[in-house]
Structure formats: structure tokens, C-alpha cells
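Student: The structure is given below, and queries will be raised subsequently.
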Amino acid sequence: MMLKDQIEILLVEDDPDDLELTMHVLQEEHICNRIQVARDGEEALDFLFCRGPFSLRDPDRHPKLILLDLKLPKVDGLEVLEQIKRDQRTRALPVVILTSSKQEDDLVRGYRLGGNSYIQKPVDFDQFRNTIKRLGYYWLLVNQPPPEAAFDGETQDEIPSRV
Amino acid sequence: MKISKEHNHRGRILVVEDQGVVATEIQRCLEDDGYEVTAIATSMEEAIREAFRSRPDLVLMDIRIQGEADGIDVADHLHRHFALPIVYLSAHDDRDTMLRAHRTEPMAFLFKPFKPAELSRTVEIALNRSWVEVRDRERTFLSVMDAIGDAVVTTDSQGNVRFMNRAAEELTGWRQELALGVKATDVVHIVNEQETGAEGFCALLNVDGAPESDSDHEYRVLARDGVYHWVSIKAANIDGAGPSSIRVMVMQDVTRRRQSDQALRRQADLLDQSHEPIFTWDLDGAISYWNRGAQALYGFSPLEALGRAVGALLPAAHPSNDGAWETALGRDGQWSGELTRKTKDGQEIVVESLLVCVSDEAGRKTVLETGRDITSRKGAELEIRRLNQELREHVSELTAVNRELETFNYSIAHDLRAPLRHIDAYAKILLEHADAGLPKEAQNYLGRMRQSAGRMGCMVDELLELSRTSRRELARQGTALKSLLEDVLFELKSEVRDREIEWRIGELPFVDCDPTLTRQVFANLLANAVKFSRPRKLAVIEVGQTWDQGQMTLFVRDNGVGFSMKYADKLFEVFQRLHRREDFEGTGVGLATVQRIIHKHGGRIWVEAELEKGATFNFTLDSPAEPSRGPEREEIAVVAGAR
């Protein structure tokens, strides 16, 4: 059941150029229109947990995909990832790390914390475009989103098995 | 003391009588009985003189004689000083006089007038009594003599032995019977090291009058049985001068004392010679012994140290030391530990000390301290501690610098790549959107903008790779270079399918190296060889090994464009390029990376090249100190041609 105003992608990106270019590709390729942008980690968490300016948001309406940059002001990307994957209300959400870094540390921690995918932004724009296009199709169209039950109770102990 | 008697007459008698007739009558009477009258003295002075000269066996003394003193005084004197037996001749018998006379212990009283027979009987009884007493005294004397521990020898005026006691017999090894009449110098055989020993002894033998001793000198006496004794000698001349004088020598055996003295002295000498500081002090603090080692360490001479309070002489630099050892000495009788003290010249030294409390028989307590100067050791310990501290600081600085470097790399990766991406992206979008409207030249520029961005992206990536390589820990393991090289070639060949390349791969050894990094060395060198031989219709690329003085060298050779050797030293610097970018792509990081990897292995890399005649990169993977054995000749086998 999909509502018209349901947010499909939460794009967490602080760099205005990256934001611009990512939005450009997503819209140009008609991947989706319902994109929520968070410019730092705190804003992303506020949105996801319906806090602060998002306190009126319906917590049961989850985005289908989170595109997460790692280097973010206030709360950094890995911290955001950790909170998402630790909380039963959000841990089923697919998170794709989209970052400039190819540091092994970041890769390791990204996957250990439960990131679903890790993509380095290619320098070449054509490649970047292809990448965004492919991941959008895959996560929004090919992939079956988690059902409501995936966000219910159970214990947090399951997280490590997923790592 | 005269102890021998002559028996050639019945007795020698001195008559003291101032009445000539009486005296003559007495003399006649005595001589008739066979006695010798040594003299007839008529005064007190004469009586004493004669008694001293002739030593009579008996004195007949008239109580009343000329002069102030009466006969009792004279008799008293003779009896006391010459032990002469006295017989009084008296005409009156008042109580006082008799009482006084009795006190002089006379042999008998003869009251005038007396008959010759009376005189004879009285004299005979007195003499007999006197001789019995003498014999008693003599026996007592001999017992006493034998009982005392010192050796006693008497000689006559000629120096011949007249008497020796048992101790003297033991000392000399002579029996008295054999020694009598023998020269004392033969009996007491002096064998001093110094010549003066015997002379001093002779001088003692000839001593005149009062007792003399040579306390400074000790004599070494060789007994008949060959045993040596050390003695001190006292000598005296008794019984006056002249032929009848007697010399007495008392010799004390000091051999034992000398031995223990010597042993003590030797021990003290040894203690003194020790380089270790050794000194003692009484519990009240006064220093009682101070050896040379103590002088050397603390600077005070024994004169300066002895008698001083130890606390005053050697003040503890840190007063906290004091209480600890005082308590321990009282409780355990000893203490050991480190003391910081000041020497005479004010220098502070650290001494590892052992304090032992010793009690003598009287219960007096003395502290014996020995020690060792550990100042330099302490200094070294401090220095080591300081250096370690510095090292720790440097390590933490280094760690901090490394962390900064990593942060720097991280921001390069993130922050530098981002604008490049944006430039490329905007240029691309611009091209797409304004495709038709833009002049060809502008389109060209936009294209080159994108190329520049792309190249810089590569540079950043390679730079990151270089720094990652530098920080990587070497993981050496036995590696077959041959198969490692085949892996590299497999990847490389797929990229150069359109090229005509002859690969000459020689024998390659099994070496101890980090395979991942070594693989990168070959990959970079071979990529270069492929790249710079591109203008050749048939590129020839060789890989092999050579041996030089036991050291194995690997090489990669191509027949490419080469370069002038005058730029060879720039070749391995980051971003240094020897060719134009439009001719040969690249960032100038590859060879820098190769060099770093080889240096990490302890090896070296050098190049031989000539412009238009190819280049050869030679390198080793370990230091020359540990060469491995292998074939001496270069072996190159042509493995495959082309493709």
C-alpha cells in the first residue's frame, strides 16, 4: 500500500553540489520525485524518529531507501547508521552509503554497523549518473521493501547476526 | 740474693764491741772454737760497713756501743737489710731496752759477764738456727721461682749462669745442672734479625745497679730443641758491685702475644688495603675505624675522621634515610640500603651500604659499615629513565603526527575528490544541455575540463595509494616470483591485446618478500614498460635475474623510448615525469611507489637507460648483508612472443 505523499528516498547529503547533482540524476532519470533531503546527521535522525520539526510526521511511513553520506556535520554518517540499525523502528530500512571515501576503515565500519550497500561516488559524471540510476532502479523497483512486520518488536540481539 | 754457703769453716762472725778487752777475749774464744772473726767493729758506722763488706754468718752485737745510736738500732738495720742473724751482748736488762731488742728478732741474748763455754754454746745454737731458716727460705724461694711463669736466670759478675728456674729451662732447653757455670749468652741464645739484638742483651747482662728493662725491644731466643721464642727482658744487678755481684734476668715469653698482635696487624692492614670503604662507629656516633677505601670514597683521612660523629662527618643528603636504618639496626642488628651522602668536597654520592651492629665482650656496641659507590649506576638509571621518557614522548608525538597524516589523507580522499566530481559533472551536464547551441571550441574546452578533473582524480587516488603503501607493515613470506609475475602478466596482457609484444621471462627465484607489495612493483614496472614501448612495432619486454657478488638482482627491461640518464635521479620522485602528457599518460606516482616498496624491503632500485634505446630497471628485495645463493649466470629464456 503506497500513499501518494510517501517519501521514497531520504537523501542525507550536506554538500550542495552533490545534493544538486544527485537530485539532478534522480529527477532526470525519473527515478522518483518524493525525496526528503537532510543536510546533516541530526536532521536525518529527527526525520526518521519524528522529532523536532518532524514531530508531526507519521512514524509508520518509512522511506524506501536511505542514501547516506558519511562525512556530515553534527552527527556523522556512521553514527546515523548505527542509530538507524540499533532502533527496531528503523533497522529494517535499507541504507546505501554513498560517499567519496574508499577508506578501508569506513568500509569495514559501514558494513559492520549494518549498511546494506557501499558506493563510492565516481569522479566521472557519466559513471556517477549510471550508478545513481542503477541503485535507484534496484532499491525502489526491483527490491521488495520490508513489510510492516519487519519494524515490529523483537530484540535488538538480532543485529549482530546481520552484521 | 746469695744463696750458696761455704763450709770450709764453722762460721764467719762479726763482733761489734767497743770495749777492746772484751772484744779481744771474745775473738780468742771464738777462734778457739774454729770460727772466723771477720772484724771487730767499734762503732755503728764501722759495723754496717764491715757487715756489707764481709757478709758474716752471724753478728755479735753489744747493745751499748759508742755513738748516738745504740746497738739495737744497728742490729735492726743489719737484720733488715742484710738478713743477718744477731746475738746481743748485754750488761743490763732494763725492760724497755729488752723490749726494743726483742723486736729486732735476735737469735739470742748473752748477758755479761759470760763464760767462754756460754759464748760457744750460744753462738753454735744461733748459727744452726740461722742456717735452718736460710734453708727454709731457700726452699720457699725455689718453689716460688718454679711457680712463676717468667723465666729467671741469675749470673755472677763474670756472666756465668748461677741459677735458672723451671720456666727458664723450658725457654732455653737447658737443664740447670748443665747450665751452671756456662756463659749466659750461650744458654740464652739470642738470634734477633737485627745485629743489635745480641748486643742489647749483653748490655743487659752488664747492667749496673737498679733494675733495667728494654721494653721497646723484644728478643728472639732459640732454644736447644730448635724452638724459637720471643721474650721481653728485665735485668737487675743485685748485691752490689764487684766480684760478688749477681745479675738477675727476668724474661717474659711474648711469642703468643706477638703472634696475635701480628695477626691483628695483618688483618688491620688487609682491611686498610681494601678498596671498599670500611669504617666503624660506636653507637654514640664516634668513628673508631676508618680504612683507606673510606678515605678514597669520602675524602677524609683517618686523622680527620676518627673520633668524629658519623652524622656530622657524613651528613645524609636526604634526612629521611636516617630513621630507617636506626630502627632496623636496633631491631635486626643490621640494615642495608642506599644512602645519599656528601663527601668532603661537598659532592653528593649514592652509596649502597651494609650496616652491621657488633657487640664486644663488654657489651659495647659498634656499627660496622661497608658500602659501594653506586652514584654512576644511579646516574645511568636516571639517564635511561629520562631517555625512555623522551622516547615515549617521541612515540606519542609520532603517533599524533601519524594520526594527523591519516586525517589529512582522509580529507584528501573526501574533500579533494568532491570538487573534481562536481567540475566533471557540471561540464558534462552543460555539454548535454547546450549540445547544439555551443560552438565546437567551447565544447572542446568543456571536454578538456572534464579530462583535467579526471586526471586529478587519478592523481589523488594514486597519492592515497602511495601513502597507504608507505604506512603498510611488511608481511614477508616465501614467495615464488615466477607465479606472482604470471598473475601480473595475465591482467596486463588483457589490456594490450592490440599490441605486438615479445615477452622474455627468465628464471625467477623463490624469495622472502611481501607478495602483495612485490606484485605491485612488477605491475607498475611492467605497465611502464608496456606504455613506453608503445611506439615500437614489436615491443620486447624482459624480466629476469642476475647475480653479482652473491647478491641477486631482478630486472625489467624494455626496448621503448627510454630517457636521458641525466634525468635518472628525478625518476623516482613523486609527480616527476620525463615525457609529455599527450605522448604518455600517467601521474608520476607509480615509480615513487615502486621505490618505497623496495626500500621497505631493505633493497634498492636503479635504472639504466638511453634515449630511444629502452630502459632497464634493476632492483633487489633484501639488504646485501644476507645474500641468498643461486646460479651465477644470467638466464633469460624466451617464453612467448607477442600478444
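The values are calculated or read from the model by the stated rules, or taken from the named source; none is laboratory data. Treat the numbers as computed from the prediction; the structure is a model and nothing was measured. Using ideal geometry, Cβ is built from the backbone for each residue, glycine included, and neighbour counts are taken over all protein chains shown. For accessibility, only protein heavy atoms count, side chains too; no ligands or nucleic acids. Shrake-Rupley method; radii C 1.70, N 1.55, O 1.52, S 1.80 Å.
Student: Scan segment B:386-394 and tell me whether some residue there is more than 20 Å from B:Ser336 (Cα to Cα), of a type in the set (Asp, Glu) and not in a helix (DSSP H, G or I).
Tutor: Here is the first cut: in segment B:386-394, the ones more than 20 Å from B:Ser336 (Cα to Cα) are B:386-394.
From what is left, the residues that are of a type in the set (Asp, Glu) are B:390, B:393.
This time we only want the ones that are not in a helix (DSSP H, G or I), so: none.
No: segment B:386-394 contains no residue that is more than 20 Å from B:Ser336 (Cα to Cα), of a type in the set (Asp, Glu) and not in a helix (DSSP H, G or I).
Student: Residues in segment B:463-491 that are away from chain A (no Cβ under 11 Å), open to solvent by 20 Å² or more (accessible area, probe 1.4 Å) and not in a loop (DSSP other than H, G, I, E, B): how many?
Tutor: Residues meeting the conditions: 13.
Student: Next question, about the same structure. Please state which one of A:Ile132, A:Ile97 is touching a Gly at 6+ places or on another chain (Cβ under 6 Å), within 30 Å of B:Leu463 (Cβ to Cβ) and at pLDDT 90 or above. Write out each step before concluding.
Tutor: Values: A:Ile132 fails: touching a Gly at 6+ places or on another chain (Cβ under 6 Å).
Answer to the check: A:Ile97.
Student: Let me ask another. Starting from residues that are small (Gly, Ala, Ser) and more than 26 Å from B:Leu99 (Cβ to Cβ), keep the ones in segment B:109-142 and report whichever is surrounded by the most Cβ atoms within 10 Å (Cβ to Cβ). Even if it seems obvious, please write down each step before you answer.
Tutor: Pass one, segment B:109-142, residues small (Gly, Ala, Ser): B:117, B:120, B:126, B:130.
Add one more test, that the residue is more than 26 Å from B:Leu99 (Cβ to Cβ), and what stays is B:117, B:120.
On the way: B:Ala117: 10, B:Ser120: 16.
Result: B:Ser120.
Student: Next up: Residue by residue through segment B:492-519, note down the ones that are assigned to a strand (DSSP E or B) and not aliphatic (A, V, I, L, M). Show your work before the answer.
Tutor: Pass one, segment B:492-519, residues assigned to a strand (DSSP E or B): B:501-505, B:510-513.
Of everything in segment B:492-519, those that are assigned to a strand (DSSP E or B) and not aliphatic (A, V, I, L, M) turn out to be B:Glu502, B:Trp503, B:Arg504, B:Phe510, B:Asp512, B:Cys513.
Student: Hey, another quick one. Report the residue count in segment B:376-389 for those that are among the acidic types (Asp, Glu) and open to solvent by 70 Å² or more (accessible area, probe 1.4 Å).
Tutor: First, pick out the residues of segment B:376-389 that are among the acidic types (Asp, Glu): B:381, B:383.
Checking which are open to solvent by 70 Å² or more (accessible area, probe 1.4 Å) leaves us with B:383.
The number of residues fulfilling the criteria is 1.
Student: Consider B:Asp373 carefully, then state whether it is surrounded by 11 or more Cβ atoms within 10 Å (Cβ to Cβ) and either within 14 Å of chain A (Cβ to nearest Cβ) or more than 48 Å from the chain's Cα centre (by Cα) (or both).
Tutor: Details: surrounded by 11 or more Cβ atoms within 10 Å (Cβ to Cβ): yes; either within 14 Å of chain A (Cβ to nearest Cβ) or more than 48 Å from the chain's Cα centre (by Cα) (or both): no.
Criteria not met by B:Asp373.
Student: Can you report the number of residues in segment A:124-150 which are within 9 Å of chain B (Cβ to nearest Cβ) and open to solvent by 20 Å² or more (accessible area, probe 1.4 Å)? Before you say what the answer is, go through the steps one by one.
Tutor: Residues of segment A:124-150 that are within 9 Å of chain B (Cβ to nearest Cβ), as a first pass: A:124-126, A:128-129.
Now narrow it down to the ones that are open to solvent by 20 Å² or more (accessible area, probe 1.4 Å): A:124, A:126, A:129.
Counting residues in segment A:124-150 that are within 9 Å of chain B (Cβ to nearest Cβ) and open to solvent by 20 Å² or more (accessible area, probe 1.4 Å) gives 3.
Student: Let me ask another. So which residues in segment B:390-410 are more than 14 Å from chain A (Cβ to nearest Cβ) and either open to solvent by 80 Å² or more (accessible area, probe 1.4 Å) or among the β-branched types (Val, Ile, Thr) (or both), if there are any at all?
Tutor: Matches in segment B:390-410: B:Leu391, B:Arg392, B:Glu393, B:His394, B:Val395, B:Glu397, B:Leu398, B:Thr399, B:Val401, B:Glu404.
Student: Another one. With the requirement that a residue be in contact with a helix residue (DSSP H, G or I) (Cβ under 8 Å, 6 or more places away or on another chain) and either touching a residue at least 60 places away in the same chain (Cβ under 8 Å) or at the interface with chain A (Cβ under 10 Å from one of its Cβ atoms) (or both), what does segment B:446-460 give you?
Tutor: B:Arg450, B:Ala453, B:Gly454, B:Met456, B:Gly457, B:Val460
Student: Can you name every residue in segment A:82-102 that is open to solvent by 10 Å² or more (accessible area, probe 1.4 Å) and either within 14 Å of another protein chain (Cβ to nearest Cβ) or in a strand (DSSP E or B) (or both)?
Tutor: Correct list: A:Lys102 only.
Student: A follow-up question, please. Quick one: in segment B:257-285, which of the residues that are touching a helix residue (DSSP H, G or I) at 6+ places or on another chain (Cβ under 8 Å) and at pLDDT 85 or above is farthest from B:Leu306 (Cα to Cα)?
Tutor: As a first pass, look at segment B:257-285 and keep what is touching a helix residue (DSSP H, G or I) at 6+ places or on another chain (Cβ under 8 Å): B:272-279, B:281, B:285.
If we keep only those that are at pLDDT 85 or above as well, we get B:276-279, B:281.
On the way: B:Glu276: 18, B:Pro277: 14, B:Ile278: 13, B:Phe279: 9, B:Trp281: 9 Å.
Within segment B:257-285, the match that is farthest from B:Leu306 (Cα to Cα) is B:Glu276.
Student: Is it the case that B:Leu431 is in contact (Cβ under 8 Å) with a residue 40 or more places away in the chain, surrounded by 15 or more Cβ atoms within 10 Å (Cβ to Cβ) and assigned to a helix (DSSP H, G or I)? Lay out the reasoning, then the answer.
Tutor: Values: in contact (Cβ under 8 Å) with a residue 40 or more places away in the chain: no; surrounded by 15 or more Cβ atoms within 10 Å (Cβ to Cβ): yes; assigned to a helix (DSSP H, G or I): yes.
No; evaluated as a whole, the condition is false for this residue.
Student: Within segment A:47-70, is there a residue that is away from chain B (no Cβ under 14 Å), touching a residue at least 12 places away in the same chain (Cβ under 8 Å), open to solvent by 10 Å² or more (accessible area, probe 1.4 Å) and aromatic (Phe, Trp, Tyr)?
Tutor: Yes: segment A:47-70 contains one or more residues that are away from chain B (no Cβ under 14 Å), touching a residue at least 12 places away in the same chain (Cβ under 8 Å), open to solvent by 10 Å² or more (accessible area, probe 1.4 Å) and aromatic (Phe, Trp, Tyr).
Student: Looking only at residues that are outside any helix (DSSP H, G or I), at pLDDT 90 or above and more than 15 Å from A:Lys74 (Cβ to Cβ) in segment A:1-34, which one is farthest from the other protein chains (Cβ to nearest Cβ)?
Tutor: Among those that are outside any helix (DSSP H, G or I), at pLDDT 90 or above and more than 15 Å from A:Lys74 (Cβ to Cβ), it is A:Leu10.
Student: Another question, then. Residue by residue through segment A:103-117, note down the ones that are outside any helix (DSSP H, G or I) and within 14 Å of chain B (Cβ to nearest Cβ).
Tutor: We begin by selecting, within segment A:103-117, every residue outside any helix (DSSP H, G or I); these are A:103, A:113-117.
Answer for segment A:103-117, where residues must be outside any helix (DSSP H, G or I) and within 14 Å of chain B (Cβ to nearest Cβ): just A:Gln103.
Student: For segment B:411-419, check the following and say yes or no: at least one residue is open to solvent by 70 Å² or more (accessible area, probe 1.4 Å), in a helix (DSSP H, G or I), out of contact with any Ser or Thr (no Cβ under 8 Å at 6 or more places or on another chain) and away from chain A (no Cβ under 14 Å).
Tutor: No: segment B:411-419 contains no residue that is open to solvent by 70 Å² or more (accessible area, probe 1.4 Å), in a helix (DSSP H, G or I), out of contact with any Ser or Thr (no Cβ under 8 Å at 6 or more places or on another chain) and away from chain A (no Cβ under 14 Å).
Student: Can you name the strands (runs of 3 or more DSSP E) wholly within segment B:231-315 that have at least 2 residues being open to solvent by 50 Å² or more (accessible area, probe 1.4 Å) and within 24 Å of B:Gly363 (Cβ to Cβ)?
Tutor: B:287-290
Student: Then there is this: Starting from segment B:267-279, take each residue that is under 17 Å from B:Tyr298 (Cβ atoms) and list its partners that are open to solvent by 70 Å² or more (accessible area, probe 1.4 Å) and part of a strand (DSSP E or B), counting only C-beta distances under 9 angstrom and pairs at least six apart or across chains.
Tutor: Note: pairs meeting the criteria are B:Glu276/B:Arg372; B:Pro277/B:Arg372; B:Pro277/B:Asp373.
Student: Do you know which residues across segment B:434-462 are outside any helix (DSSP H, G or I) and open to solvent by 60 Å² or more (accessible area, probe 1.4 Å)?
Tutor: The initial filter retains those residues of segment B:434-462 that are outside any helix (DSSP H, G or I), namely B:434-439.
Answer for segment B:434-462, where residues must be outside any helix (DSSP H, G or I) and open to solvent by 60 Å² or more (accessible area, probe 1.4 Å): B:Asp435, B:Ala436, B:Gly437, B:Pro439.
Student: (1) more than 25 Å from B:Thr280 (Cα to Cα); (2) among the hydrophobic types (A, V, I, L, M, F, W, C); (3) touching a residue at least 12 places away in the same chain (Cβ under 8 Å): which one isn't true of B:Ile374, the others all being true?
Tutor: B:Ile374 satisfies every listed condition except (1).
Student: Run B:His433 past the list (1) facing chain A (nearest Cβ under 10 Å); (2) closer than 22 Å to A:Leu26 by Cα and report the number of the one that doesn't hold.
Tutor: (1) is the only condition that B:His433 fails.
Student: Collect the residues in segment B:144-185 that are of a type in the set (Ser, Thr, Tyr) and under 14 Å from B:Val221 (Cβ atoms), keeping them in residue-number order. Spell out how you get there, then give the answer.
Tutor: First, pick out the residues of segment B:144-185 that are of a type in the set (Ser, Thr, Tyr): B:154-155, B:157, B:172, B:185.
Listed by number, the residues that qualify are B:Thr172, B:Thr185.
Student: All but one of (1) within 30 Å of B:Ala380 (Cα to Cα); (2) open to solvent by less than 40 Å² (accessible area, probe 1.4 Å); (3) at pLDDT 85 or above hold for B:Glu352; state the number of the condition that does not hold.
Tutor: (2)
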